[in-house]
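S.K.: Okay, here's the structure, questions in a sec.
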Amino acid sequence: DVKVTQSSRYLVKRTGEKVFLECVQDMDHENMFWYRQDPGLGLRLIYFSYDVKMKEKGDIPEGYSVSREKKERFSLILESASTNQTSMYLCASRRNLNQETQYFGPGTRLLVL
Amino acid sequence: GENVEQHPSTLSVQEGDSAVIKCTYSDSASNYFPWYKQELGKGPQLIIDIRSNVGEKKDQRIAVTLNKTAKHFSLHITETQPEDSAVYFCAASTAGSARQLTFGSGTQLTVLP
């Protein structure tokens, strides 16, 4: 089974802090994704990565950056956290561009005070 | 870009009854339509999908139908059980967009015993 793990289930940060959310997958997948989930808005794509050191902006990249130095790890960075970034963050992976199924981690619920 | 609308946002059914969730999409080039189920405290998980060359697909108690002309697709769950209670997301993707998924806003299904 594909396993996608996220470093924290719950996180509380202060406005202005730099926040790192980590995601690791164990199935040698090429593609990885970061979404945020908000009530009534579904899942919105923040960034995705085709492969190591490659990244593409999604629909809502403002205020976020990402890092993919190793194939199994995809990090989401909030350079200066703001209260409107309080949300559930979901990481996903996919084998490659020829496959459609995305496998999700359990999510990190971030509260910015 | 693609826009996916999902209805209803909440749905309550009696155990044993059927449940139907509907989605519409805007991009006629979309050709892949998955449904994800998110149980409490977990990430979304693919439960069924359909491609644009097929009108209907079944997997035990769940089925998905697709009407390309009207650009809508639906999830049907028969003989609902308490464990079907979850949030369901529809999504659409286009081969030309690196198969990114655009998600609907989600439906909270509650199966009442």
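Any read-out appearing in this document is the output of simple, stated calculations on the displayed coordinates, not a laboratory observation. Remember, predicted model here, so these are calculated numbers, not experimental data. Counting neighbours? That spans all protein chains shown, and the Cβs are built from the backbone with ideal geometry, glycine included.
S.K.: Could you run through the range A:13-35 and say how many residues are hydrophobic (A, V, I, L, M, F, W, C), within 19 Å of residue B:99 (Cβ to Cβ) and over 10 Å from the mean Cα position of the chain (by Cα)?
M.R.: Total meeting the criteria: 1.
Let's see how each residue does on (1) under 20 Å from residue B:90 (Cα atoms); (2) more than 11 Å from the chain's Cα centre (by Cα); (3) loosely packed, with under 14 Cβ neighbours inside 10 Å:
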residue: A:6; (1), (2), (3): no, no, no
residue: A:37; (1), (2), (3): yes, no, no
residue: A:48; (1), (2), (3): yes, no, no
residue: A:101; (1), (2), (3): yes, yes, no
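S.K.: Out of (1) more than 25 Å from residue A:57 (Cα to Cα); (2) within 14 Å of chain A (Cβ to nearest Cβ); (3) in contact with a strand residue (DSSP E or B) (Cβ under 6 Å, 6 or more places away or on another chain), what's the single condition that is false for residue B:56?
M.R.: Unmet for residue B:56, out of (1) more than 25 Å from residue A:57 (Cα to Cα); (2) within 14 Å of chain A (Cβ to nearest Cβ); (3) in contact with a strand residue (DSSP E or B) (Cβ under 6 Å, 6 or more places away or on another chain): (2).
S.K.: Only one residue in B:17, B:84 is in contact with a strand residue (DSSP E or B) (Cβ under 6 Å, 6 or more places away or on another chain) and away from chain A (no Cβ under 14 Å). Which one?
M.R.: Values: B:17 fails: in contact with a strand residue (DSSP E or B) (Cβ under 6 Å, 6 or more places away or on another chain).
From the options B:17, B:84, the qualifying one is B:84.
S.K.: So residue A:26 fits all but one of (1) in contact with a strand residue (DSSP E or B) (Cβ under 7 Å, 6 or more places away or on another chain); (2) within 19 Å of residue B:43 (Cβ to Cβ); (3) more than 8 Å from chain B (Cβ to nearest Cβ); what number is the exception?
M.R.: Of everything listed in (1) in contact with a strand residue (DSSP E or B) (Cβ under 7 Å, 6 or more places away or on another chain); (2) within 19 Å of residue B:43 (Cβ to Cβ); (3) more than 8 Å from chain B (Cβ to nearest Cβ), residue A:26 misses just condition (1).
S.K.: Shifting gears a bit: For the range B:65-73, does any single residue satisfy the condition of being within 14 Å of another protein chain (Cβ to nearest Cβ) and outside any helix (DSSP H, G or I)? Can you show your working first?
M.R.: Taking the range B:65-73 as the starting set, the residues that turn out to be within 14 Å of another protein chain (Cβ to nearest Cβ) are none.
No, the range B:65-73 contains no residue that is within 14 Å of another protein chain (Cβ to nearest Cβ) and outside any helix (DSSP H, G or I).
S.K.: If you scan the range B:34-61, which residues turn out to be assigned to a strand (DSSP E or B) and over 22 Å from residue A:37 (Cβ atoms)? Spell out how you get there, then give the answer.
M.R.: Restricting attention to the range B:34-61, the residues satisfying the condition of being assigned to a strand (DSSP E or B) are B:34-38, B:45-51, B:56-59.
Hits for the range B:34-61 are B:50, B:51, B:56, B:57, B:58, B:59.
S.K.: Go over the candidates A:70, A:57 one by one and state the one that is surrounded by fewer than 18 Cβ atoms within 10 Å (Cβ to Cβ), within 14 Å of chain B (Cβ to nearest Cβ) and over 22 Å from residue B:90 (Cβ atoms). Break it down stepwise before answering.
M.R.: Numbers: A:70 fails: within 14 Å of chain B (Cβ to nearest Cβ).
That would be A:57, the only listed residue that is surrounded by fewer than 18 Cβ atoms within 10 Å (Cβ to Cβ), within 14 Å of chain B (Cβ to nearest Cβ) and over 22 Å from residue B:90 (Cβ atoms).
S.K.: Of everything in the range A:54-84 that's touching a residue at least 40 places away in the same chain (Cβ under 8 Å) and not in a loop (DSSP other than H, G, I, E, B), which residue is farthest from residue B:102 (Cα to Cα)? Quick ask: steps written out before the conclusion?
M.R.: Our first condition is that a residue be touching a residue at least 40 places away in the same chain (Cβ under 8 Å); within the range A:54-84, this holds for A:71-83.
Then keep just the ones that are not in a loop (DSSP other than H, G, I, E, B); that gives A:73-78, A:83.
Numbers: A:73: 23, A:74: 20, A:75: 21, A:76: 20, A:77: 22, A:78: 23, A:83: 25 Å.
Only one residue tops the list, namely A:83.
S.K.: With respect to residue A:25, determine if the residue is touching a Pro at 6+ places or on another chain (Cβ under 7 Å) and polar (S, T, N, Q). Give the steps one after another, and end with the answer.
M.R.: Details: touching a Pro at 6+ places or on another chain (Cβ under 7 Å): no; polar (S, T, N, Q): yes.
Considered against the rule, which asks whether it is touching a Pro at 6+ places or on another chain (Cβ under 7 Å) and polar (S, T, N, Q), residue A:25 comes out as no.
S.K.: Give just the number: which of (1) loosely packed, with under 13 Cβ neighbours inside 10 Å; (2) assigned to a loop (DSSP other than H, G, I, E, B) does residue B:83 not satisfy?
M.R.: Here residue B:83 clears every test but (2).
S.K.: Can you name every residue in the range A:104-113 that is facing chain B (nearest Cβ under 8 Å) and either in a strand (DSSP E or B) or touching a helix residue (DSSP H, G or I) at 6+ places or on another chain (Cβ under 8 Å) (or both)? Working first, answer last.
M.R.: Initial filter on the range A:104-113 (facing chain B (nearest Cβ under 8 Å)): A:104-107.
Within the range A:104-113, just A:104 meets the criteria.
S.K.: Of all residues being crowded, with 17+ Cβ neighbours inside 10 Å and farther than 14 Å from residue B:74 by Cα in the range B:20-30, which is nearest to the other protein chains (Cβ to nearest Cβ)? Just the residue, please.
M.R.: B:30
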